[in-house]
Protein chains: 2
Amino acid sequence: MTNAKGEADAPESGKTPARQPRGTGRRLRGAIAHKLGLAIVSGEYAPGDTLSGEIAFSEALDVSRSAYREAVQVLTAKGLVESRPKAGTRVLPRNRWNLLDPDVVAWAFAGSPDIQFIRSLFELRAIVEPAAARLAAERRDRADLKAMKDALAAMRRHTLATEAGLAADREFHDAILRATRNDALVVLSASIGAAVNWTTQFKQRSRALPRDPLPDHIRVYDGIAAGDAEAAGAAMRALVDLALEDTRHAME
Amino acid sequence: MTNAKGEADAPESGKTPARQPRGTGRRLRGAIAHKLGLAIVSGEYAPGDTLSGEIAFSEALDVSRSAYREAVQVLTAKGLVESRPKAGTRVLPRNRWNLLDPDVVAWAFAGSPDIQFIRSLFELRAIVEPAAARLAAERRDRADLKAMKDALAAMRRHTLATEAGLAADREFHDAILRATRNDALVVLSASIGAAVNWTTQFKQRSRALPRDPLPDHIRVYDGIAAGDAEAAGAAMRALVDLALEDTRHAME
DNA sequence: GGCTCCTTATTTACTCGGACATATTAAAGC
DNA sequence: GCTTTAATATGTCCGAGTAAATAAGGAGCC
């Protein structure tokens with residue numbers, strides 16, 4: 001039986017230390033789901049491992065069985081675990097995980113992210129975003145262009161060193177994806193955006209954005225505004241390649 | 001293969017379970033989540049609507065509040081609803097839904113699928129699969145090629161009119177995605193595959209697959225086996241375009 | 001004797017019902 | 001108009017009982 005971590009839960013004479021395990025404003029079950037999801041994604045529980053029983057685990061966490069169960073349902077919904085009577089709840093193999101679920105991505109990046117996974121997401125980005133720029137060039141309307149232009153202005157006003165600047169960057173890419181009129185692409189941005197965001201902060205932490213990204217963005221905008229799918233796609237491809245280059249360079 | 005439900009489960013003959021008439025295919029909370037998810041995705045509850053309270057709803061469904069709540073947690077995990085004290089449980093706007101979650105996709109296709117959404121997924125497929133073929137051409141090893149070849153052989157043996165043939169088709173595309181060594185792409189296939197599967201069955205229902213898809217598949221395989229990324233990508237693009245053409249043609 | 005097959009027994013998740021706590025909104029009061 | 005108070009729905013807790021799936025045990029058969 002692969003047991004949890006500290007099972008040293010001794011119900012000795014009432015010295016229960018302040019039962020307030022809710023670290024943040026998240027609801028209790030959310031905190032549990034977060035904790036468990038983090039532990040699973042970070043490999044603390046390997047695929048195939050079976051968690052200790054509901055009663056034991058919930059008591060170890062000092063929460064009710066209901067709260068623990070609801071947290072497990074969340075993980076089940078995201079494909080991380082599976083539970084059957086008598087067999088217990090076991091961690092599923094990685095290929096069953098909903099790796100594009102925003103929460104799962106967030107958990108994957110909360111610890112020490114797997115290099116392979118980062119590469120996967122950036123490769124996906126390099127595939128999807130140029131194609132999205134092409135579609136956007138064909139389908140954008142006036143409102144889309146205004147949203148992109150506003151985002152660019154905000155990027156220039158604040159730099160990428162500020163939180164507002166990062167938000168503007170995200171908004172620019174989101175506006176492009178919305179302009180594709182493709183819901184599936186928009187949803188993908190939620191997952192990809194998490195990866196991009198993490199690496200951007202990472203680059204910033206390891207000193208200096210080596211390049212001014214604004215001209216690249218403007219080229220993308222110009223292509224989309226002109227309705228030139230080829231130019232927009234090429235410009236976006238260049239932008240993503242440069243970002244990947246910078247990230248790779250900053251990671252040594 | 002992510003469709004773990006099997007809708008047309010025959011109710012057990014003779015033994016009519018009068019006590020728990022709630023659909024007894026999955027676990028109870030799974031049935032509730034399925035029912036609610038279907039109702040939300042199909043538009044029965046519009047975004048912004050607030051569901052009736054837990055006690056009322058659970059009694060209306062004739063289940064305990066715990067089971068109902070666990071079902072709602074599943075929907076919350078998939079971004080379909082959000083619940084806050086006093087405010088109740090409300091349906092979130094579409095752009096908050098995890099549209100790439102396998103279950104959500106399954107629910108979307110269980111009813112009368114939204115044409116726009118089908119178009120979105122096929123557009124995504126047209127973007128992702130050719131790029132995947134290019135990557136596979138560069139990274140495949142002997143085992144990958146064997147898997148593809150076996151799948152092709154199975155496709156020829158059984159035709160696409162049989163279930164085994166459809167499975168072989170899926171396996172061929174899955175083998176390509178696995179050969180990219182990119183987990184994010186593999187996961188995408190789960191969602192895209194659901195759409196492809198549905199439309200394939202649709203085409204079959206509405207009379208005749210008008211074209212033999214095998215030569216197109218073989219061209220893709222040849223490109224990958226030769227390590228020719230450009231050829232593999234072009235062949236896959238042609239394949240997807242033809243499939244989209246057929247689907248569009250069959251939908252009038 | 002060794003084997004399969006069926007029955008039983010146990011373990012675990014699953015469902016239930018009720019109770020209390022908490023947070024958020026809306027109304028009442030200043 | 002702002003603060004305080006009350007109402008309400010979700011959130012959490014508890015304990016009991018049910019259903020399902022595996023492991024153990026015994027009857028029958030080769």
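The values are calculated or read from the model by the stated rules, or taken from the named source; none is laboratory data. This one's a predicted model, so the numbers in the text were calculated from it and none came from an experiment. With ideal geometry, Cβ positions are generated from the backbone for all residues, glycine too; neighbour counts draw on all protein chains shown.
Observations, loosely collected:
- Among the numbered conditions (1) in contact with a Pro (Cβ under 9 Å, 6 or more places away or on another chain); (2) modelled with pLDDT under 95; (3) of a type in the set (A, V, I, L, M), the only one that A:Ala18 does not meet is (1).
- The range B:96-105: number of residues that are in a helix (DSSP H, G or I) and in contact with a helix residue (DSSP H, G or I) (Cβ under 6 Å, 6 or more places away or on another chain): 2
- Single match in A:Leu135, A:Leu99, A:Leu124 (criterion: crowded, with 22+ Cβ neighbours inside 10 Å, out of contact with any Asp or Glu (no Cβ under 6 Å at 6 or more places or on another chain), at the interface with chain B (Cβ under 9 Å from one of its Cβ atoms) and within 24 Å of A:Trp198 (Cβ to Cβ)): A:Leu124
- Residue in the range A:110-130 that is among the acidic types (Asp, Glu) and modelled with pLDDT under 95 present: yes
- Verdict on B:Phe109 being among the aromatic types (Phe, Trp, Tyr), part of a helix (DSSP H, G or I) and surrounded by fewer than 20 Cβ atoms within 10 Å (Cβ to Cβ): no
- A search for C-beta distances below 6 Å between a residue of the range B:59-73 that is at the interface with chain A (Cβ under 9 Å from one of its Cβ atoms) and any residue that is surrounded by fewer than 19 Cβ atoms within 10 Å (Cβ to Cβ), counting only pairs 6+ apart in sequence or on different chains, returns nothing.
- Candidates A:Gly88, A:Gly79, A:Gly43 - the one that is without any contact (Cβ under 8 Å) to a residue 12 or more places away in the chain and either buried (at least 16 other Cβ atoms within 10 Å of the Cβ) or away from DNA strand D (no atom under 15 Å from the Cβ) (or both): A:Gly43
- Selection of the range B:180-230 for residues being β-branched (Val, Ile, Thr) and over 27 Å from A:Leu185 (Cα atoms) yields only B:Ile218.
- Any chance A:Asp144 is of a type in the set (Asp, Glu), farther than 19 Å from A:Leu242 by Cα and within 13 Å of another protein chain (Cβ to nearest Cβ): no
- Within the range A:190-210, considering residues that are closer than 19 Å to A:Arg157 by Cβ and not hydrophobic (A, V, I, L, M, F, W, C), the one farthest from the other protein chains (Cβ to nearest Cβ): A:Gln204
- Boolean, A:Glu230 is surrounded by fewer than 14 Cβ atoms within 10 Å (Cβ to Cβ), in contact (Cβ under 8 Å) with a residue 40 or more places away in the chain and outside any loop (DSSP other than H, G, I, E, B): yes
- Selection over the range A:154-189 of residues that are within 13 Å of chain B (Cβ to nearest Cβ) and not in a helix (DSSP H, G or I) gives a count of 3.
- The range A:20-34 residues that are more than 21 Å from A:Glu54 (Cβ to Cβ), paired with ones that are modelled with pLDDT of 95 or more and near DNA strand D (Cβ under 9 Å from one of its atoms) (beta carbon under 8 Å, 6 or more apart): A:Gly23/A:Ala31; A:Thr24/A:Ala31
- Matching residues in the range B:61-95 - criterion: being more than 12 Å from DNA strand C (Cβ to nearest atom) and either touching a strand residue (DSSP E or B) at 6+ places or on another chain (Cβ under 9 Å) or outside any loop (DSSP other than H, G, I, E, B) (or both): B:Val72, B:Leu75, B:Thr76, B:Ala77, B:Leu80, B:Val81, B:Thr89, B:Val91, B:Leu92, B:Arg94, B:Asn95
- A:Leu160 touching a Ser or Thr at 6+ places or on another chain (Cβ under 8 Å) and surrounded by fewer than 19 Cβ atoms within 10 Å (Cβ to Cβ): yes
- Selection within the range A:77-96 - at the interface with chain B (Cβ under 10 Å from one of its Cβ atoms) and out of contact with any Leu (no Cβ under 9 Å at 6 or more places or on another chain): A:Lys78, A:Arg84, A:Pro85, A:Arg94, A:Asn95
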